[in-house]
Protein chains: 2
Amino acid sequence: MALPLRRRLPVLPLLLLAAGGLRAAERSGGSSSAMEELATEKEAEESHRQDSVSLLTFILLLTLTILTIWLFKHRRVRFLHETGLAMIYGLIVGVILRYGTPSTSGHDKPFSCSQEDRPFTTLLVNVSGKFFEYTLKGEISPGKIHNVEQNDMLRKVTFDPEVFFNILLPPIIFHAGYSLKKRHFFRNLGSILAYAFLGTAVSCFIIGNLMYGVVKLMKLVGQLSDKFYYTDCLLFGAIISATDPVTVLAIFNELHADVDLYALLFGESVLNDAVAIVLSSSIVAYQPTGENTHAFDAAAFFKSVGVFLGIFSGSFMMGAVTGVVTALVTKFTKLHCFPLLETALFFLMSWSTFLLAEACGFTGVVAVLFCGITQAHYTYNNLSVESRSRTKQLFEVLHFLAENFIFSYMGLALFTFQKHIFSPVFIIGAFIAIFLGRAAHIYPLSFLLNLGRRHKISWNFQHMMMFSGLRGAMAFALAIRDTATYSHQMMFSTTLLIVFFTVWIVGGGTTPMLSWLNIRICVDSYKSALDGPDSERRNRTKQESAWLFRLWYSFDHNYLKPILTHSGPPLTTTLPSWCGLLARCLTSPQVYDNQEQLREEDSDFILNDGDLTVTYGDTTITANGSSGPHTATTSLDGRRTKSRSEEALECDLGAADHEVTSRGTRLVFPLEDNA
Amino acid sequence: MALPLRRRLPVLPLLLLAAGGLRAAERSGGSSSAMEELATEKEAEESHRQDSVSLLTFILLLTLTILTIWLFKHRRVRFLHETGLAMIYGLIVGVILRYGTPSTSGHDKPFSCSQEDRPFTTLLVNVSGKFFEYTLKGEISPGKIHNVEQNDMLRKVTFDPEVFFNILLPPIIFHAGYSLKKRHFFRNLGSILAYAFLGTAVSCFIIGNLMYGVVKLMKLVGQLSDKFYYTDCLLFGAIISATDPVTVLAIFNELHADVDLYALLFGESVLNDAVAIVLSSSIVAYQPTGENTHAFDAAAFFKSVGVFLGIFSGSFMMGAVTGVVTALVTKFTKLHCFPLLETALFFLMSWSTFLLAEACGFTGVVAVLFCGITQAHYTYNNLSVESRSRTKQLFEVLHFLAENFIFSYMGLALFTFQKHIFSPVFIIGAFIAIFLGRAAHIYPLSFLLNLGRRHKISWNFQHMMMFSGLRGAMAFALAIRDTATYSHQMMFSTTLLIVFFTVWIVGGGTTPMLSWLNIRICVDSYKSALDGPDSERRNRTKQESAWLFRLWYSFDHNYLKPILTHSGPPLTTTLPSWCGLLARCLTSPQVYDNQEQLREEDSDFILNDGDLTVTYGDTTITANGSSGPHTATTSLDGRRTKSRSEEALECDLGAADHEVTSRGTRLVFPLEDNA
């Protein structure tokens, strides 16, 4: 069914890699004057030039997007997000390329000669006495041989789908992990995990089954011209369950909407990307034995579940281990005296996570996410002030460029992708299915979670979460990964339309929706913190935190933080006494200084939460990564930084919120276990 | 002679690009069970894994390098620079890969079938009824067909030579341009241009001719087994004339050695890279007509000169134009309110220079250099404080990673490159030739320049410049670009050895050499500024500046700066009155405020240079890009930043130097033309 190699057919060598090598005409001066060689060189140079032009097209697109975003921000237009804009520009250029360029290719003459065995990866061809090397690109189905001679320009602007997974998604996902608002994330950890794991699984299953019904219906009315299996439907369910509320979150940030809702939405979307990737891999790995290869098979099903658990936990481990190694290296060397070295090391270690996971057969993108979270939680504290802002800014820029690139590519793909299959029934069915699929996990899960939560997820929040189920880069990347068969092509086209619709319509409707649902805008935890008496609030926060979080928190605070960073209580007090030597070696000298300080302020510590940020040298964490001299530059989310200056007048409380609420949270377990 | 396409044979797809597309096994679950397809997928997955492993090797190398650099800096070891270290680690890994891995390749079975015409770029092959597409990789000389079956691991760690030109060199060169210490650069502009253009040409010609003598000698004693033309010798001269005193400059920075010498060396090395690239292109383009294709031909010679001028000026224009466009965009939009957008735009525009130049047939690397200089001179002033540090840091990190990558790759290439030809006679001849070639331009040119310079280039400086003629990344990248023929392979091996020798020996000898030549360490312009009376110094600076500089300065100050940035005098005062409207549109409103300020301080302006930094809003330029709130983070050269904290005690005057001397320079033309 799938001919994965064929997917590689249209390749634009990003960064001019492959084609760069062909740029030869200038340097071949003294060579023998064989005419065919010169002709090949001319072609090669021409190809290099075309590559440059097509990359320039994308750069122009992004530049235009940036300038228009600026104009929109300047004029405070909020109905269209930068990603939506990138798609529109992509669409326009796509139309121009599709209908404005000549459609025949000059120099790709296919040539046939028969081989008997399976295809070789390398081929030597004898051309009038000279030998030329060829490499295998992929299989062409016999009926489409002439498609090889497609529009040259369209071919140039078509990327290898793996570019998304290997180059563009990693910085986006890493940045998501690295900029996770840890405090609110961990406070809502239980709910986020429930939404991400259970929710995505439920959504995938429901969408898969509904789509199977749609496909059956299409078969009945004769709208289906090729095979469409149940596993394909489930794969579609997995692909389209990856939510990406980038638009909504940007608006939340700008309007300083409720932080808990933000944490729930952001945490869910980040983790469910990982779940969706691994889920789709597992569904693909579902290969029942025997004759009926697309019926249910218990053995294959459990194998798939095993694959899911294996890939997920393996990638998680990879990411966590690299993060921990980086934390240890930055803790025990004085690399922080040389911010450039530190930043370079940080970048290389984070990149190596991806490669390590891929080399071990896990999923690099998932590993990168957990690496990002670990780096933010531990390594970040060991970095120098300069490196903190450097790493933040570096990944912020990479994330921005990659994200806008993907969205403008999506716009382009609507017209330049050659194998679209738009089926109205399937598309309408898909829209209904994703609506029902999201409703079917948000409301029941929220109900169940509310049984255990003290701080309930209100109806308005549930509606907002329901509404924010946008699809974006991840769904697109998963869908374009395999467009070899009829069913996959139809899924890809539908996914593209769903992304367009949700980003434009839902993204544009966020601001009205927020006010319609009465979700607090610009009313942040600072105010709510002032609402009740201090003791009552502290109590509430305490009970609110689930046992899972409490367990994790004390382990993290007592052992991991002191081992991996310069903060936390000295290990000599938290570890049993027989580990004395080890504890002394691992504990950072700075901790003892903090400890002295702590004893003096001990009474204050319990009664007055004002000074908590100073104790234990934990400042950075407490202030949630956005404190320090560079408040503007290092704040956790780039969009916040941008909007801060603009919105400063609208929302004066914005800046204060960070610090005050963080104190509130940190009060939960003030040294309960050690003393 | 040259078969340029063959060069592309061993390709490691950087960033897993090409190979990434082959990673398919996981997703091919529901496919038909054809065995050969599964086998191909297994191979593809295996290939992807190997790519990951080989990239991991490089990351490990760089990580090791970073940690060792830290150790060296920490212990103040100065005899070995980070680039030298990267080469050593590369060498070690190269030895392991060469002698520690099995040398046969499993699955690259060459296959021959005859074609009659010239080779096609795409080939369709029929394998038992299925069609597979193949693409042309390059020509193989008949004798070396079996070389295709080389060690798989060695092949994986061998990059396409164009990777250096298209990915690794651009950030290095851009950073060089962007971090040029403008004040000292422009003060010594005439000398730098003379060294870069005349010097490189003289060096290239002398080395070329000497090497031709060596080659004749080798032919006489029978040491030469294949053709070696005069043009090859000249090409070698051009390649090896690209100096790269990265090691020396790092030490200069750390020791705060003489700034003028620094400017001369840095300026020369930056510009002579550009000259060497274009020179080698021109030599390759030298194709005499008629029978004796390697004899002198006046027409071909002048064509080569034309090519040189064309490519150079074209690339220069491209770089300058993109820089100017970026300056205009950043001046006339309020993009500086959104540093992320600004940084992204800056990055994209700078990258587009490269692509634009390549698309137009010019040299991207050269264009990028001039773009960097333009960006630093104009755009930098329009950027927000945050974007200034962001862009500096972004390109600093890219530069650091790319540079160390190239040097560790060089170490690796000594063992993994399969076609080394080491000829002792040629190597010894080359060492003598580069010594003589450098001596033959440094001393005579310095003598001539000293006739016109008031502030002479002393003998000690000349010796130091002679000594600092290291070869580095650019020579390597030029040499590896074409290793198709016997002569080019010999040139490549020799270049590699020259780079090793100069980086290790000369780099390690810099500190002793500096003290032996009595070049002022830690004695900077601040002190020398205090030596003589103020008026005498001002006078001297004035006379010292050549007419070229004066002309450029007043044009730049009166017209370009006011048009492109928010600084300089209002255009309404400098342009003729009939341009009134245009002048008013182009002049930034901020300039008038500065103008008001200026009038009040006008007397101070002439008599007292203390406040010059405030007038005309020109602060950033005057303080040479390293002023502002972020002194530590935005200082012009990264190494200075690093060393500053370390050396602060050793050299307290370091920081003051920047401001005081800049005032000195700026005094030269205080509104002579307008007022």
- line: All-but-one check, A:Ser281 against (1) away from chain B (no Cβ under 12 Å); (2) under 30 Å from A:Leu497 (Cβ atoms); (3) of a type outside the set (A, V, I, L, M), failing number (1)
- line: When the range A:406-445 is checked residue by residue, the ones that are farther than 18 Å from A:Gly469 by Cβ and of a type in the set (Lys, Arg) are A:Lys419
- request: Report yes if A:Asn404 is farther than 21 Å from A:Met211 by Cβ, modelled with pLDDT under 90 and buried (at least 16 other Cβ atoms within 10 Å of the Cβ), otherwise no.
  value: no
query: Before we move on, is A:Leu398 away from every other protein chain (no Cβ under 14 Å), within 25 Å of the chain's Cα centre (by Cα), under 30 Å from A:Val368 (Cβ atoms) and open to solvent by 20 Å² or more (accessible area, probe 1.4 Å)?
result: no
field: Flag if A:Tyr195 is modelled with pLDDT of 85 or more, of a type outside the set (A, V, I, L, M), within 29 Å of the chain's Cα centre (by Cα) and within 30 Å of A:Tyr553 (Cα to Cα)
entry: yes
- prompt: Cβ-Cβ below 7 Å, separation at least six or inter-chain, first residue in the range A:69-89 and assigned to a helix (DSSP H, G or I), second open to solvent by 50 Å² or more (accessible area, probe 1.4 Å) and at pLDDT below 85: which pairs?
  reply: A:His74/B:Lys334
task: Quick one: count up the residues across the range A:216-235 that are away from chain B (no Cβ under 13 Å) and in contact with a helix residue (DSSP H, G or I) (Cβ under 6 Å, 6 or more places away or on another chain).
output: 4
task: Please name all residue pairs, on different chains or six or more residues apart, with Cβ atoms under 9 Å, provided the first residue is in the range B:91-102 and is in contact (Cβ under 8 Å) with a residue 12 or more places away in the chain and more than 16 Å from B:His420 (Cα to Cα) and the second residue is open to solvent by 60 Å² or more (accessible area, probe 1.4 Å) and part of a helix (DSSP H, G or I).
output: B:Val93/B:Leu60
message: With the requirement that a residue be farther than 14 Å from B:Tyr378 by Cα and either among the hydroxyl-bearing types (Ser, Thr, Tyr) or within 14 Å of another protein chain (Cβ to nearest Cβ) (or both), what does the range B:173-184 give you?
response: B:His175
query: Do we have any residue at all in the range B:299-309 that's open to solvent by 10 Å² or more (accessible area, probe 1.4 Å), out of contact with any strand residue (DSSP E or B) (no Cβ under 7 Å at 6 or more places or on another chain), under 30 Å from B:Gly237 (Cα atoms) and basic (Lys, Arg)?
result: yes
statement: Filtering the range B:215-239 for residues that are touching a residue at least 12 places away in the same chain (Cβ under 8 Å), of a type in the set (A, V, I, L, M) and farther than 15 Å from B:Gln489 by Cβ leaves a count of 4
query: How many of the residues making up the range A:49-70 are modelled with pLDDT under 85 and more than 7 Å from every other protein chain (Cβ to nearest Cβ)?
result: 3
- line: Taking the range A:310-335 and keeping only residues that are assigned to a helix (DSSP H, G or I), within 14 Å of another protein chain (Cβ to nearest Cβ) and buried (at least 19 other Cβ atoms within 10 Å of the Cβ), one is left with A:Ile311, A:Phe312, A:Ser315, A:Met318, A:Thr322, A:Thr326, A:Val329, A:Thr330, A:Lys331, A:Leu335
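The rows are residues; the columns are (1) under 23 Å from the mean Cα position of the chain (by Cα); (2) at pLDDT 80 or above; (3) not in a helix (DSSP H, G or I).
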{"position": "A:Met474", "(1), (2), (3)": "yes, yes, no"}
{"position": "A:Ala479", "(1), (2), (3)": "yes, yes, no"}
{"position": "A:Thr483", "(1), (2), (3)": "yes, yes, yes"}
{"position": "A:Thr502", "(1), (2), (3)": "yes, yes, no"}
{"position": "A:Ile505", "(1), (2), (3)": "yes, yes, no"}
{"position": "A:Ile519", "(1), (2), (3)": "no, no, yes"}
{"position": "A:Ala529", "(1), (2), (3)": "no, no, no"}
{"position": "A:Asn539", "(1), (2), (3)": "no, no, no"}
Verdict on B:Leu56 being crowded, with 21+ Cβ neighbours inside 10 Å and either under 23 Å from the mean Cα position of the chain (by Cα) or within 23 Å of B:Phe417 (Cβ to Cβ) (or both): no
task: Could you please find all residues in the range B:350-365 being within 7 Å of chain A (Cβ to nearest Cβ) and under 18 Å from B:Ile173 (Cα atoms)?
output: B:Trp351, B:Ser352, B:Leu355, B:Leu356, B:Glu358
- prompt: List the pairs whose first member sits in the range A:323-340 and is among the small types (Gly, Ala, Ser), whose second member is in a helix (DSSP H, G or I), and whose Cβ atoms are under 6 Å apart, counting only residues at least 6 apart or on separate chains?
  reply: A:Gly323/A:Cys371; A:Gly323/A:Thr374; A:Gly323/A:Gln375; A:Ala327/A:Tyr378; A:Ala327/A:Thr379; A:Ala327/A:Leu564
Only listed residue being aromatic (Phe, Trp, Tyr) and assigned to a helix (DSSP H, G or I), chosen from B:Phe422, B:Phe447: B:Phe447
query: Looking at B:Gln462, B:Gln393, which is the one that is open to solvent by less than 50 Å² (accessible area, probe 1.4 Å), assigned to a helix (DSSP H, G or I) and without any contact (Cβ under 8 Å) to a residue 24 or more places away in the chain?
result: B:Gln462
- prompt: If you check B:Arg388 against the conditions, is it part of a helix (DSSP H, G or I), within 14 Å of chain A (Cβ to nearest Cβ) and in contact (Cβ under 8 Å) with a residue 40 or more places away in the chain?
  reply: yes
query: Looking at B:Phe354, is it touching a Gly at 6+ places or on another chain (Cβ under 7 Å), within 23 Å of A:Thr57 (Cβ to Cβ), among the aromatic types (Phe, Trp, Tyr) and open to solvent by less than 10 Å² (accessible area, probe 1.4 Å)?
result: yes
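The values are calculated or read from the model by the stated rules, or taken from the named source; none is laboratory data. Just so you know, these numbers come straight off a predicted model, no measurement behind them. So basically every Cβ, Gly included, is an ideal-geometry build from the backbone, and we count neighbours across all protein chains shown. Heads up: the accessible areas ignore ligands, DNA and RNA and are worked out on the full protein's heavy atoms, side chains in. Shrake-Rupley method; radii C 1.70, N 1.55, O 1.52, S 1.80 Å.
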